[in-house]
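The values are calculated or read from the model by the stated rules, or taken from the named source; none is laboratory data. Treat the numbers as computed from the prediction; the structure is a model and nothing was measured. All Cβ positions, glycine included, derive from the backbone under ideal geometry; neighbour counts span all protein chains shown. Please note that ligands, DNA and RNA were not included when accessible areas were found on the heavy atoms of the full protein model with its side chains. Shrake-Rupley method; radii C 1.70, N 1.55, O 1.52, S 1.80 Å.
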Amino acid sequence: MPNTKNEHISKLKHLLSEIAHLTSALEMLQWDKEINMPKKSAEMRAQHISYLSGLIHHKTVSLNQGGLLTRLERALDKGKLSPNDKALVSEVLRDFKREQKLPQAFVEELSHETALAYGAWQQARESNDFSKFTKPLERIVELERKQAKFLGYTNSPYDALLDIYEPGMTVAELDILFFELRDSLVSLLKRIQKSKYKVDYSTLKGSFDLQRQMKFNKWLSGRVGFDLETGRLDTATHPSTITINPADVRITTRYQEDDVLNAISSTLHEAGHGMYEQGLLLEHFGTPLGTSISLGIHESQSKLWENLVGRSKAFWKYFFPKLQKEFGKPFSKLSFTESYEAYNMVKPSLIRVDADEVTYNLHIIIRYEIEKALIEGSIEVKDLPSIWNDKVKEYLGIKVPNNRLGVLQDIHWSHGLFGYFPTYTLGNLYSAQIYVAAKRDILDLEKEISKGHFEHLREWLRKRIHMHGKKYSAEKLIKKVTGEKLNSSYFTDYLEEKYKEIYRLS
Ligand code: CO
């Protein structure tokens with residue numbers, strides 16, 4: 001065992017780098033499984049992945065061998081560490097202590113039950129029969145409540161779960177943010193629906209050669225600042241971002257033959273995630289200082305490029321002529337305004353992932369209210385279909401025809417992901433507040449964007465957010481970047497201003 005504080009820090013970094021190399025290999029195998037793996041290799045690949053996962057777990061739980069973490073915690077408590085080492089040690093301790101709180105038998109039980117629940121969910125969804133999912137989901141909810149107890153909480157058991165995905169966030173804070181947001185969205189939606197002015201997304205549909213789409217999306221991802229020399233764009237059923245290391249970030253998108261903008265919005269989304277990962281510093285690879293802050297902050301980067309930039313008038317000024325030139329019809333027959341408005345059509349729909357900017361967060365709020373109540377024990381699993389349908393009617397004004405298009409649409413609960421959904425909406429709220437700060441800091445940002453100059457914004461995000469890794473908590477970062485704590489009014493003001501103009505609201 002080394003003796004000095006600096007030796008302890010180097011030892012910790014060395015152990016973390018071993019875990020990081022193994023994790024990179026694992027991520028690479030996962031990416032390849034999605035994109036390239038020959039069919040018959042599935043069984044062997046599962047063995048490789050399971051072995052590596054076990055090894056990573058073993059190395060993670062062994063971090064405190066010889067009392068390394070205990071010694072570093074003492075140094076931390078005595079205020080003896082530099083700011084970077086302080087962030088490094090406290091984040092490692094945070095994760096390590098959480099792992100310690102969950103008994104091995106519990107972790108195994110949860111993973112066993114979620115595997116069963118996932119199968120049951122698939123069957124329930126296929127046969128449109130919620131009752132097939134009731135029992136397995138009851139088991140999951142019970143285990144999630146147990147998990148909350150193991151992890152510990154002061155007010156709501158849901159706080160403990162939320163903290164896994166968005167460290168520091170609480171029900172008390174979310175209730176305020178989401179309550180204000182919900183009322184404002186419901187009333188904006190009603191005004192939009194009453195408007196006599198209509199816009200129609202279907203005017204943007206056509207027939208678009210897939211090879212051409214792929215080439216164009218690759219160009220676009222690079223154009224906004226996703227570095228194609230330290231990353232790739234490929235095709236997958238479920239778009240995602242997989243990081244091998246900051247110099248090797250792999251994003252995926254999906255293509256529809258009749259809708260080129262579908263791929264474009266998902267490419268911009270993943271490019272936003274990808275640029276965050278590319279902006280982390282290689283020198284901190286494998287440590288908390290080289291890791292993103294939270295799911296909410298990650299999602300703020302994707303939503304910023306997908307929506308705040310990608311669906312803005314400024315971007316459309318740059319982008320629409322490119323779209324016309326590359327694909328011709330239907331864009332060649334539409335005016336700038338017609339196409340911009342059609343791309344921003346607001347229409348309540350049943351499926352979350354198809355939702356527009358105004359209704360998307362209502363889908364999330366429905367899920368938040370339900371999962372919080374399940375974990376707090378104020379509702380029961382068997383009543384979910386009717387609770388779900390009532391909320392969809394109340395907030396979105398539409399009737400749910402069946403559970404497949406309702407309560408059974410998302411994979412999350414079958415995987416035991418309770419506390420995860422709110423991070424999608426937090427991402428939207430963060431993104432709007434961050435974008436206002438960017439416009440304040442960067443001279444004529446929107447004018448620059450309309451000329452295709454995205455580098456100012458990308459550099460600003462890199463310096464203000466990406467390169468710091470986990471040095472600051474989400475709460476501290478938002479205060480540092482925007483000057484105040486998270487506030488839903490930036491997002492609602494953004495929507496109000498934008499959709500007032502599009503829908504000619506008074
Ligand atoms: Co995302």
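Each residue, Asp200 and His14, gets one label point 7 Å from its Cα in the Cβ direction; the gap between the two is 6.9 nm. Amide H to amide H distances under 5 Å link Phe454 with no residue, where only residues 5 or more positions off or on other chains count and H is placed in the peptide plane. Enter the angle in degrees (range 0 to 90, nearest 10) between the Cα long axis of helix 83-101 and the first principal axis of the Cα atoms of the chain, meaning the one along which they spread out most. Value to nearest ten degrees: 80.
Against the chain, whose longest principal axis is taken from its Cα atoms, helix 68-77 shows a tilt of about 70°. Placing unit charges on the Cβ atoms of the charged side chains and taking the dipole of region 177-245 about its Cα centre, the candidate lying farthest along the positive direction among Phe178, Gln211, Thr230 is Phe178.
To the nearest 20 debye, what charge dipole does region 350-410 have about its Cα centre, counting +1 at the Cβ of each Lys and Arg and -1 at the Cβ of each Asp and Glu? Before the final figure, lay out each step's value.
On the way: 8 positive and 11 negative charges, 40 e Å.
Magnitude of the dipole: close to 200 debye.
For region 145-292, the number of Lys pairs with C-alpha atoms closer than 27 Å, counting only pairs eight or more positions apart or on separate chains, is 6. Could you give the distance between the Cα centres of region 103-155 and region 327-370, to the whole Å? Cα centres, region 103-155 to region 327-370: 32 Å. Can you tell me the accessible area per residue over the chain, all protein chains present, probe 1.4 angstrom, in square angstrom? I get 46 Å² per residue for this part. For region 1-83, which trypsin sites (Lys or Arg not before Pro) are in a loop by DSSP, counting at most 13 other Cβ atoms within 10 Å? Qualifying residues, ordered by number: Lys78, Lys80.
Computed log10 I(q)/I(0) for region 401-485 at 0.13, 0.16, 0.20, 0.22 Å⁻¹: -0.60, -0.76, -0.94, -1.06, from the Debye equation with unit scatterers placed on every C-alpha and solvent omitted. Rounded to 0.05, the FRET efficiency of the Ser187 and Asn6 pair, given R0 = 51 Å and the Cβ-Cβ distance, is 0.30. For region 371-381, what does the Karplus curve 6.51 cos²θ - 1.76 cosθ + 1.60, with θ = phi - 60°, yield as ³J(HN,Hα) per residue in whole Hz, taken in order and with x for Gly and Pro? My calculation for region 371-381 gives 6, 4, 5, 5, 5, 7, x, 8, 9, 10, 3 Hz in order. Could you tell me which of Leu26, Asn36, Asn128 has its Cα farthest along the dipole of region 1-149 towards the positive end, charges placed at Cβ (Lys, Arg +1; Asp, Glu -1), taken about the Cα centre? Result: Leu26, furthest along the dipole toward the positive end.
Percent antiparallel among DSSP beta bridges with both residues in the chain, to the nearest 5?
On the way: 5 of 10 bridges.
Expressed as a percentage, antiparallel bridges in the chain total about 50.
Taking amide H as placed 1.01 Å from N in the peptide plane, the amide H of Gln256 sits under 5 Å from that of Ala263, each at least 5 places away or on another chain. For Glu501, Glu126, Glu109, the ranking by accessible surface with the largest value first comes to Glu126, Glu501, Glu109, using a 1.4 Å probe.
Among beta bridges identified by DSSP and lying wholly in region 161-310, the antiparallel ones come to about 50 percent. Coupling constants for region 165-178 follow from the phi torsions by the Karplus curve (6.51 cos²θ - 1.76 cosθ + 1.60, θ = phi - 60°), and in residue order they are 9, 10, x, x, 6, 10, 4, 4, 6, 4, 4, 5, 4, 6 Hz; glycine and proline get x. Using the rule -39500 (n - 2.57) for each DSSP H run of four or more residues, divided by the residues of the chain, the 222 nm mean residue ellipticity is -20500 deg cm²/dmol.
The angle between the Cα long axis of helix 5-35 and the main principal axis of the chain comes to about 50°, on a 0 to 90 degree scale.
Averaging the Cα positions of each part gives two centres, and for region 244-282 and region 401-478 these lie 14 Å apart.
Note on the chain: with neighbouring protein chains present and a 1.4 Å probe, carbon and sulfur make up 51 percent of its accessible heavy-atom surface. Stretching Arg98 away from Arg223 to a fully extended chain increases their span by 40.9 nm, per 0.36 nm per residue minus the current alpha-carbon distance. Residue by residue, region 301-314 carries 3J(HN,Hα) couplings of 6, 6, 5, 4, 6, 5, 10, 4, 8, x, 10, 8, 4, 4 Hz when phi is fed to the Karplus relation 6.51 cos²θ - 1.76 cosθ + 1.60 (θ = phi - 60°); x denotes Gly or Pro. With a 1.4 Å probe rolled over the protein heavy atoms of all chains, the accessible area of Met44, Met467, Met37 falls in the order Met44, Met467, Met37, largest first.
About its Cα centre, how strong a charge dipole does the chain have in debye, to the nearest 20, once Lys and Arg get +1 and Asp and Glu get -1 at the Cβ? Spell out each step's value before the answer.
On the way: 72 positive and 67 negative charges, 158 e Å.
Roughly 760 debye for the chain.
In debye, nearest 20, what is the charge dipole magnitude of region 233-354 about its Cα centre with +1 on Lys and Arg Cβ and -1 on Asp and Glu Cβ, if you could check? Show your work: numbers first, answer last.
On the way: 12 positive and 14 negative charges, 97 e Å.
With only Lys, Arg, Asp and Glu charged at Cβ, the dipole is about 460 debye.
With the simple spin-label model, which puts each label point 7 Å out from Cα in the Cβ direction, the Arg504 to Asn36 separation comes to 5.5 nm.
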